[in-house]
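Worksheet for the structure shown next.
The values are calculated or read from the model by the stated rules, or taken from the named source; none is laboratory data. All figures in this text were calculated on a predicted structure; none of them were measured in a lab. Here the Cβ is made from the backbone with ideal geometry for all residues, glycine too, and neighbour counts use every protein chain on show. Note: areas computed on protein heavy atoms with side chains; ligands, DNA, RNA excluded. Shrake-Rupley method; radii C 1.70, N 1.55, O 1.52, S 1.80 Å.
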Amino acid sequence: MIETKGQMKVVAPGQTIGILGGGQLGRMTILEGQKMGLQFVTMDPATDCPGGQAAQWHIAAPYDDLHAANRLAEKADLVLYEFENIDPAVVKFLETKTHVPQGSRLLQTAQHRILEKTTLQRAGIPVTDFVPVKSRDDLIRALRQIGLPAVLKTATGGYDGKGQWMLRTKPDLDLLPGDLLDGGRELILEAFIPFVKELSVIVARNPQGDLASFPPAVNLHRNHILHMTVVPAPLAEPVKAQAIAVAERVAETLQVVGLIAVEMFMLKDGRLVVNELAPRPHNSGHYTYDACATSQFEQFVRASLGLPLGPTDLCKPAVMVNILGEHADAFRQAFPSLPGHVKFHWYGKKEAKKGRKMGHVTVLAESVNQALEWIESSSIWPPLTSEEKKVIYDRDYF
């Protein structure tokens, strides 16, 4: 049974946390939570998912299976979700059966781009100019308002660049999928932001309202998939302070319990614009597992359980690099000679597909430059281009 402390439910060592989702984020959360004496049960359609491999119990079932969700609730003293591409109706159902600290409301907001941006805009948080789109006529009107270039996105679903179409010129409209604007599907047209850096801040917030922010990180993407995260971020101190302030304002506005990852664009003059939110651990926070006093995964458990939040100090400069399917063979060849300051994490996925996240490494060093030198010399990943080096090495644009 869950003990109560005022209105807050307290889960103690020996009790069980359920996780809706069985990916690598769940896996790393479980590994950290088990150190705290907690047990875990996961629910995921895959029978051999990364999270299920680490959990004490696994329920293999589709996310919309309410009978399976009920089994999850019966087994768990508390339920978390580790990604947002799930039906909020399932989370609402779970809320009637057990404690779900993140809640369905946060999920609904963060997984719907129009609702997400509208909520932030109303709170005075800077976001990209946007217009909802449901038809071709809507799109033409939106283009008149937003102008070109612009980005058309599905309002829900899509990740790592899926469900997004860059519109640079009018002929690009003819390249859109033929049925994209049929049937009243919700889309959003966003103004293209001429950013010079992409960055993120992960904020923890517990039910008591305590906040703890991890250091801002600069991120580098390849083919819309995160390639590299760098900390300390190559940003001027005022920009770092601004990034933390924006992220904490997002967490307060949405009354987050758990974690919120706030992805932002930095413009040439140092201004920041919020791009996307993720109400859970985030790929750009993987560096915290090895480089911070408290990892994002331990903090996720702490915040969700209402425990005091851990310190978020960066103990060592670090660069995190994703290992995708196309890097797996090179990584295996390098594996026997990886030095001790290169911390590797393998997710247990059976098939290495192009673009699939198989694992990551975090390179700890005396400086970011030293970490980058090892990454370049390892030959596991294609070398940085001149433009990518500018993003990673250049500190000030203003």
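Can you compute the charge dipole magnitude of segment 65-193 about its Cα centre, using +1 on each Lys and Arg Cβ and -1 on each Asp and Glu Cβ, nothing else charged? Give it in debye, rounded to the nearest 20. Numbers along the way, then the final one.
Details: 17 positive and 18 negative charges, 67 e Å.
In total the dipole reaches around 320 debye.
This model, with +1 at the C-beta of Lys and Arg and -1 at the C-beta of Asp and Glu, gives the chain a dipole about its Cα centre of some 200 debye.
Each of Val133, His360, Thr169 was scored by the projection of its Cα onto the charge dipole of the chain, and the greatest displacement toward the positive side belongs to Val133; charges sit on the C-beta of Lys, Arg, Asp and Glu.
Measuring between their Cα centroids, segment 69-114 and segment 119-140 lie 26 Å from each other. Beyond 17 Å, what share of the Cα-Cα pairs of segment 6-153 remains, rounded to the nearest whole percent? Distances greater than 17 Å cover 66 percent of the Cα pairs. The local environment of Glu366, defined by Cβ-Cβ distances under 14 Å, has a net charge of 0 under the rule Lys, Arg +1 and Asp, Glu -1.
For the chain, modelled as a GNM whose springs connect Cα atoms under 10 angstrom apart, the maximal fluctuation among Leu309, Leu31, Leu181 occurs at Leu181. For the chain, hydrophobic long helices are taken as DSSP H runs at least 18 Å long by C-alpha position along their axis with mean Kyte-Doolittle hydropathy of 0.0 or more; these are 237-253.
Under a 1.4 Å probe, what is the accessible area of segment 1-131 per residue, stated in Å²? Show your work: numbers first, answer last.
Working: 5640 Å² over 131 residues.
In whole numbers, segment 1-131 has 43 Å² accessible per residue.
Once the 1.4 Å probe is applied to the protein heavy atoms, segment 251-398 comes out at 41 Å² accessible per residue. Annotation: lysines with alpha-carbon distance below 24 angstrom to Lys357 (same-chain offsets under eight excluded): Lys153, Lys162, Lys197, Lys343, Lys349, Lys389.
Round to a whole number: what % of the accessible area of the chain belongs to carbon and sulfur, probe 1.4 Å? Please list the in-between numbers first.
Details: 8470 of 17050 Å².
Answer for the chain is 50 percent, counting heavy atoms of protein chains only.
Ranking His224, Gly183, Leu314 by how far each Cα lies toward the positive end of the dipole of the chain (charges on Cβ) leaves Gly183 at the top.
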